[in-house]
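Working notes, beginning with the structure itself.
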Amino acid sequence: MRPTRGPGWQSAVAPRPTQRYHFGMVARPAKPKPKPSSPRPRAKPLTARTADRHELYQRAVQAPASDAAFYARWFQKYTGRPLRVLREDFCGTAVLACHHVLRHADNRAIGVDLHWPTLAWGRIHNVRKLLSAEQQQRLLLLQKNVLDVRAPKADAILALNFSYSVFKTRAELAAYVRNCFRALRPGGILFLDAWGGPDVLRQVTDRTRHRGFVYEWEQRRYDPISHEITCAIHFAFPDGTRLRDAFVYDWRLWTLAELRELFVEAGFADVHVLWEGTDHQKGGGNGVFRRKEKGDMDDAWISIVVGRKPGG
Ligand SMILES: C[S@@+](CC[C@H](N)C(=O)[O-])C[C@H]1O[C@@H](n2cnc3c(N)ncnc32)[C@H](O)[C@@H]1O
């Protein structure tokens, strides 16, 4: 069985944390460091006052280079052609879209997010730093509701870290899936990741230690009647300060069965689930996804729902 894991914590294909750390509770053995020839100024320890929540989120939750490679590989496998135009819905700071552009001179990306300040952060910290002027021409960031964007048409649409869970009614989520269908080129692929398992329904906080901070994923409240779930991300620092509620998610927990039905109703073909395998030695997912018809009774799981727009 797997240990409890939350979503917002790690990208679906990123290496998983296998241990939970609390400052002061688990001491890592200090590694002897070689002495530098000229002393470099040490980076100041992070505190709640100096830390940037987007920076920490990217470090703790996302793995954009490996995610971009992962989805490009699956796209090639499904269609026999390279993934050229990627739309990243709920793109936040658009770091994954940037990495898609970086992968090939013919790659283009569209990032869609409602929240202007987050997109602006992404422009300053990701787009300008990661991409040359020419590469920036191949990235389009739209400050829009994902329900309203149908152009430019994409080869693949990704909605990751369960962001579509903001849609709390079947009608809303159906409208989103239908809109993705319309926004894809013939033969295009929609990928939505999903999470579940009994651990997800428990009130619990998972802690993962990173360099300079602890990442906390809190499952705060789950309502079995509406399937609504509230989760939050906090960051804790060595000086005892905390960024509480750095991100709060007010979601509905959708099941794989519901997602598959909505894909089929929207017109997608070959609708199926990529299920992550288990690392039996360490517990947790092993990062290897396979197409499966039946899942496992894991305590917590992550998977990806896939559908192909006919044609192409
Ligand atoms: C959890 S973040 C996702 C960040 C990143 N894509 C990831 O995988 O970690 C969710 C983002 O969705 C955006 N968002 C929420 N509802 C939206 C909507 N209807 N249309 C576009 N963006 C939306 C929020 O502004 C937020 O930046």
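Short-range pairs are left out: with C-alpha atoms under 8 Å and at least six residues apart, the relative contact order of the chain is 22 percent.
Computed about the Cα centre, the dipole magnitude for the range 202-251 is approximately 240 debye when only Lys and Arg (+1) and Asp and Glu (-1) carry charge, each at its Cβ. Computed extension length for E228-R81: 49.0 nm, one decimal, from 0.36 nm per residue of separation with the Cα-Cα distance subtracted. Helical content alone sets the calculated 222 nm signal of the chain at -6500 deg cm²/dmol, taking -39,500 (n - 2.57) per DSSP H segment of four or more residues and averaging over every residue. Taking a point 7 Å from the Cα of T169 along the Cα-to-Cβ direction, the residues of the range 208-246 with backbone N closer than 17 Å to it are 226-228.
Distance cut-off 32 Å, Cα to Cα: go down the list K77/K282; K153/K292; K168/K282; K44/K144; K168/K294 and report the pairs above it.
Values: K77/K282 29 Å; K153/K292 29 Å; K168/K282 35 Å; K44/K144 37 Å; K168/K294 26 Å.
Result: K168/K282; K44/K144 exceed 32 Å.
Quick one, could you list the DSSP H helices from the chain stretching 24 Å or more along their long axis (Cα atoms) with average Kyte-Doolittle hydropathy of 1.0 or above? Mind showing how you got there, number by number?
On the way: long enough: none.
Sorted by number, there is nothing, because no helix extends far enough and scores high enough.
Suppose we take every Cα in the chain and form the convex hull; what volume per residue is that in Å³?
Numbers: hull volume 48.5 nm³, N = 312.
Taking only Cα atoms, the chain has a hull volume of 155 Å³ per residue.
Net charge near V146: determine it from the other residues with C-beta under 13 Å of the C-beta of V146, scoring Lys and Arg +1 and Asp and Glu -1. Write out the running numbers ahead of the final one.
Details: positive: R87, K144, R150, R178, R182; negative: E88, D89, D113, D148, E172.
Local charge sum for V146: 0.
Sort C231, C180 by Cβ crowding within 10 Å, fewest neighbours at the top. Please report the intermediate quantities before stating the final value.
Numbers: C231 24, C180 31.
So the residues, fewest neighbours to most, are C231, C180.
Starting from the Cα-Cα distance between E261 and K153, subtract it from 0.36 nm times their residue separation and give me the gain in nm to one decimal.
Separation in residues times 0.36 nm, less the Cα-Cα distance, equals 36.5 nm.
The numbers here are math on the coordinates, done by the rules we state, and not lab data. Computed from a predicted structure; not experimentally measured. Because the Cβ atoms are built from the backbone with ideal geometry, glycine has one as well, and the counts that use them run over all protein chains shown.
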